[in-house]
1. Restricting attention to region 274-311, report how many residues are closer than 16 Å to Gly11 by Cβ and among the small types (Gly, Ala, Ser).
2. From the list Phe121, Phe144, which residue is under 19 Å from the mean Cα position of the chain (by Cα) and at pLDDT below 95?
3. Considering only region 56-66, I want to know if a residue exists there that is surrounded by 24 or more Cβ atoms within 10 Å (Cβ to Cβ), modelled with pLDDT under 95, under 18 Å from the mean Cα position of the chain (by Cα) and under 24 Å from Phe199 (Cα atoms).
4. In region 124-137, which residues are within 22 Å of the chain's Cα centre (by Cα) and not in a loop (DSSP other than H, G, I, E, B)?
5. Any residue at all in region 108-115 that is assigned to a strand (DSSP E or B), over 17 Å from Ala38 (Cα atoms) and modelled with pLDDT of 95 or more?
6. Gly203 - would you say it is at pLDDT below 85, within 18 Å of His76 (Cα to Cα) and part of a loop (DSSP other than H, G, I, E, B)?
7. Name the residue that is nearest to Leu139 (Cα to Cα), counting only residues in region 79-106 that are within 17 Å of the chain's Cα centre (by Cα) and among the polar types (S, T, N, Q).
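The values are calculated or read from the model by the stated rules, or taken from the named source; none is laboratory data. Because the structure is a prediction, the values reported are computed rather than measured. Every residue, glycine as well, gets a Cβ built from its backbone with ideal geometry; the counts of neighbours run over all protein chains shown.
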Amino acid sequence: MKNIGLAIHGGAGTILRSMMTPGKQGAYENGLQSALDAGYKILESGGTSLDAVETAVKFLEDCPLFNAGRGSVFNHEGQHEMDAAIMNGADLAAGAVCSVKGIQNPVSLARAVMEKSEHVFLGSTGAEAFAKHLGFEILPDTYFHDDLRYEQWQEALKDDTIRLDHTERKFGTVGAVALDRHGNLAAATSTGGMTNKKFGRIGDSPVIGAGTYANDATCAVSCTGHGELFLRAVVAYDVSSLMAYKNLSLEEATHEVVMKKLVKIGGEGGLVAIDKAGNIALPFNSEGMYRAWKNKSGQAVLIYKDTDTKI
């Protein structure tokens with residue numbers, strides 16, 4: 001069997017053992033493992049990297065623990081505005097949506113934009129109209145309601161602040177990257193954004209080249225972090241460019257971007273990436289990152305900075 005591999009993330013930030021109960025940690029680990037297994041099963045059976053990343057992200061969107069899909073945070077108006085993107089490394093095809101409401105799996109709508117429209121990026125009511133045109137079910141607000149998310153929103157309203165996720169420094173995004181047996185790469189990312197966000201704020205997740213990118217010649221990347229900084233640094237494409245134009249390895253390129261370039265401008269977070277040879281990188285400059293990977297040589301589900309393993 002040719003090299004196959006999958007890496008996923010569920011957000012980064014101030015994630016400490018002291019903040020986690022055994023039960024909560026187990027729930028996060030189970031959520032990551034389920035998404036990892038679902039995506040990898042597709043790769044093992046000869047499926048495409050595109051199907052694998054969409055499936056893995058859908059599992060994370062359906063898990064209320066993660067800030068995407070069902071677990072999306074509340075915006076200033078008490079609604080759930082979701083963003084997502086997907087990209088195929090074989091032909092650089094891409095699709096993205098932003099500020100959509102009522103969509104169970106925004107990543108699937110992003111894929112529909114890529115495959116069933118002449119466009120790359122649709123937003124807000126236009127993206128929702130496109131979803132209805134294709135027969136996507138529009139779910140009620142109750143599907144996305146979570147008591148913890150609601151409490152976070154109420155606290156943010158009192159302070160009139162914009163919060164990242166569970167705490168002041170938790171960046172809630174989910175994503176996946178994969179290499180299939182045909183040698184093709186793909187990436188997908190989905191998020192509910194920031195608690196109490198205003199004015200239609202959009203982060204890096206749905207922006208091709210910033211939070212999501214895939215190119216068979218180099219790598220596939222999905223980011224999680226403070227979106228404004230990741231946008232300014234064009235993080236995902238920068239990793240690919242360092243590999244293409246400076247001949248850096250995946251590990252070298254991701255380290256340069258996450259641990260040096262982002263840090264220099266105050267950008268906190270991380271990413272998951274995989275290259276055309278199946279090498280995987282999961283760097284982050286925050287206290288922790290929900291992450292998991294699997295290939296022919298093994299697998300791991302990780303949360304904290306001090307539990308990293310060599311891939």
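1. The number of residues fulfilling the criteria is 3.
2. Details: Phe121 fails: at pLDDT below 95.
On inspection, the qualifying residue turns out to be Phe144.
3. Yes, region 56-66 contains at least one residue that is surrounded by 24 or more Cβ atoms within 10 Å (Cβ to Cβ), modelled with pLDDT under 95, under 18 Å from the mean Cα position of the chain (by Cα) and under 24 Å from Phe199 (Cα atoms).
4. So in region 124-137, the residues within 22 Å of the chain's Cα centre (by Cα) come out as 124, 127-128, 131, 136.
Within region 124-137, Ser124, Ala127, Glu128, Ala131 meet the criteria.
5. First pass over region 108-115, keeping only residues assigned to a strand (DSSP E or B): none.
Looking through region 108-115, none of the residues is assigned to a strand (DSSP E or B), over 17 Å from Ala38 (Cα atoms) and modelled with pLDDT of 95 or more.
6. no
7. Gln104
To keep it simple, each residue is scored yes or no on (1) touching a Gly at 6+ places or on another chain (Cβ under 8 Å); (2) surrounded by 23 or more Cβ atoms within 10 Å (Cβ to Cβ); (3) part of a strand (DSSP E or B).
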position	(1), (2), (3)
Cys223	yes, yes, yes
Ala236	yes, yes, no
Val239	no, yes, no
Tyr245	no, no, no
Val263	no, no, no
Gly266	no, no, no
Ala273	no, yes, yes
